[in-house]
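The values are calculated or read from the model by the stated rules, or taken from the named source; none is laboratory data. It should be emphasised that the depicted structure is a prediction, and the values quoted were computed from it without experimental measurement. With ideal geometry, Cβ positions are generated from the backbone for all residues, glycine too; neighbour counts draw on all protein chains shown.
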Amino acid sequence: MDLQSQILATLSNNRQLSSGEIQRKLTTGNSYATTKRMLLKLVEKKLIDKVGKGKATKYKLGKSYSILHTIDKEAYFEKDIDEREIRQTFNFKLIQEDLYHVDIFTDIELEKLNRLQSTYIENISHLSETEYNKEIERLAIDLSWKSSQIEGNTYTLLETERLLKEKKTASGKLKDEAVMLLNHKEAIDFIVDNPNYLQNLSIMAIEDIHSILTKELGIGRNLRRRRVGITGTNYKPLDSEFQIKEAFQDMCKLINIKSNVFEKSLLALVLISYIQGFVDGNKRTARIVSNSILIANEYCPISFRTVDSIDYKKAMLIFYEQNNITAFKRIFVEQFEFAVNTYF
């Protein structure tokens, strides 16, 4: 176990400890000076809090720890679904309180994301309108394909391109698969053509995106009124229409008050899925709304093209079960970097 992990594990078993007390409990062999430096880094990351001053200074796990500490994804899923210790019910406090006081990205992560965004702005400044639209179309095809693939669609990327450009369906595929892909393209075109539509997030706007994505698929419009379950987890989403509406209102308020565009986009991506406000199409809606926030603020949209579908689902399950965003944040950062370097 590395030094950071040992410090966090030590504090998880003790309410508050001084740096000297922490050092005596460690087995890493690191010097006291190294431990002190790591403690400062963990305070900066908001994983631990400093209490008191001078010689009376002690450390404890921070309010952000449960949301931001690193979870070993492979070790986590070695346990069977019924063996994992999880939060089984929806956590209203997460959206109403906890996420208001958390800086989702570290300074290093924000520096990287802002640098990539600057590269994007520089790159598109040299593109003509025709060239820019061509890149957006390429990204839209990739996003339509990958977002649908995550939901079990069997179209290949080449088949998707042919469908969206030439309206030619692939042989041996279900009609609903083609409809799903065409709906994705329509939803992406909508947010590109109406960039300010989700500038200020609202339930109505989210419902409109969901309606486009699920058109002609036999999926009920608007917020659900019956219970749903999620495959692969014992997490149980809200089953009251009134509570679902309240959760969406809380989510919109949280995202609208956040000033950092990357945080707004990532929170929409995970929280729409977490609330599970619709009978079906929640993750699809989350990916398009997340992108609409980026586009509305003139940030580079994300296609998710290189994300592994299983990794995506595992990261989402960790958020459902632990309210921990770290695995999903890693996907977000990687996919933003891929988009900037690939399309523009």
**Request:** Would you mind finding the one in I230, I272 that is of a type in the set (A, V, I, L, M, F, W, C), under 29 Å from D103 (Cα atoms) and at pLDDT 95 or above?
**Result:** I272
**Complete:** Reported set for region 227-256 where residues are polar (S, T, N, Q), surrounded by 14 or more Cβ atoms within 10 Å (Cβ to Cβ) and out of contact with any Lys or Arg (no Cβ under 9 Å at 6 or more places or on another chain) is Q243
**Request:** Kindly indicate whether any position in region 124-131 is more than 25 Å from D308 (Cα to Cα) and either in contact (Cβ under 8 Å) with a residue 24 or more places away in the chain or crowded, with 16+ Cβ neighbours inside 10 Å (or both).
**Result:** yes
**Asked** In region 101-137, how many are in a helix (DSSP H, G or I), of a type outside the set (V, I, T) and either under 19 Å from the mean Cα position of the chain (by Cα) or not assigned by TED's automatic domain parsing to the domain that holds N324 (or both)?
**Response** 10
**Message:** Considering only region 160-167, I want to know if a residue exists there that is under 22 Å from the mean Cα position of the chain (by Cα) and within 25 Å of I310 (Cβ to Cβ).
**Reply:** no
